[in-house]
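Student: This is the structure, below, for whatever I ask next.
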Amino acid sequence: MRYRHPEREQIRIDGVLSALGHPVRLAAVRVLAGGGEHNCTSVLTELGIPAKSTMTHHWRVLRDSGVIIQEPSGRENLLTLRRDDLDARYPGLLDAVLAGARTDEAGS
């Protein structure tokens, strides 16, 4: 199975902000922001989510909005944050959102 990913020019601010506006998706992006490819299971483990089915919708929203690349690899999917594409389209946005999430977490 191959997933459809929007081209860089097709990424829209409203989709990105909507995708990042959900706490579970934002937490997943924070994990992916560490760099490199991550398999779904490692992200779920880090987030404390026991079932893959719980994240299916969230991965689709992040993928369709242009925030992540999701590629099949055997029985897993590999996830990568599209930092270069997001930074090219909206310079500083991703860093600002991630910094805000860290600030919110520190204040909790």
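Student: With a 1.4 Å probe and every protein chain kept in, tell me what percent of the accessible surface of the chain is carbon plus sulfur. Present the calculation step by step, with values, prior to reporting the outcome.
Tutor: Working: 3150 of 6150 Å².
Looking at the chain in its full context, I get 51 percent from C and S.
Student: Kindly list the residues of the stretch 20-49 that lie in the label zone of D87, defined by a backbone N under 13 Å from the point 7 Å along the Cα-to-C-beta vector.
Tutor: Answer for this model: 33-36.
Student: Tell me what the chain gives for mean residue ellipticity at 222 nm when only DSSP H runs of n ≥ 4 count, each as -39,500 (n - 2.57), the sum divided by the residue total, rounded to 500 deg cm²/dmol.
Tutor: -15000 deg cm²/dmol
Student: Further question on the same structure: Mind listing the long-range amide H neighbours of I68? Cut-off is under 5 Å, sequence gap 5 or more, other chains count too, H placed in the peptide plane at 1.01 Å from N.
Tutor: R63, R82
Student: Any idea what the dipole of the chain comes to, in debye rounded to 20, about its Cα centre with Lys/Arg Cβ at +1 and Asp/Glu Cβ at -1?
Tutor: Around 300 debye, computed over the chain.
Student: Working out 0.36 nm times the residue gap between A96 and A33, then minus their Cα-Cα distance, what length gain in nm do you get to one decimal?
Tutor: Once the chain is fully extended between A96 and A33, it gains 21.4 nm.
Student: Next question. Find the accessible area per residue for the chain; the probe is 1.4 Å, ligands and nucleic acids are left out, and the unit is Å².
Tutor: Value returned for the chain: 57 Å² of accessible area per residue.
The values are calculated or read from the model by the stated rules, or taken from the named source; none is laboratory data. Predicted, not measured: the structure shown is a model, and the values here were computed from it. Neighbour counts run over all protein chains shown; Cβ positions are idealised from the backbone, glycine included. We work out accessible area using only protein heavy atoms, side chains counted, and drop any ligands, DNA or RNA first. Shrake-Rupley method; radii C 1.70, N 1.55, O 1.52, S 1.80 Å.
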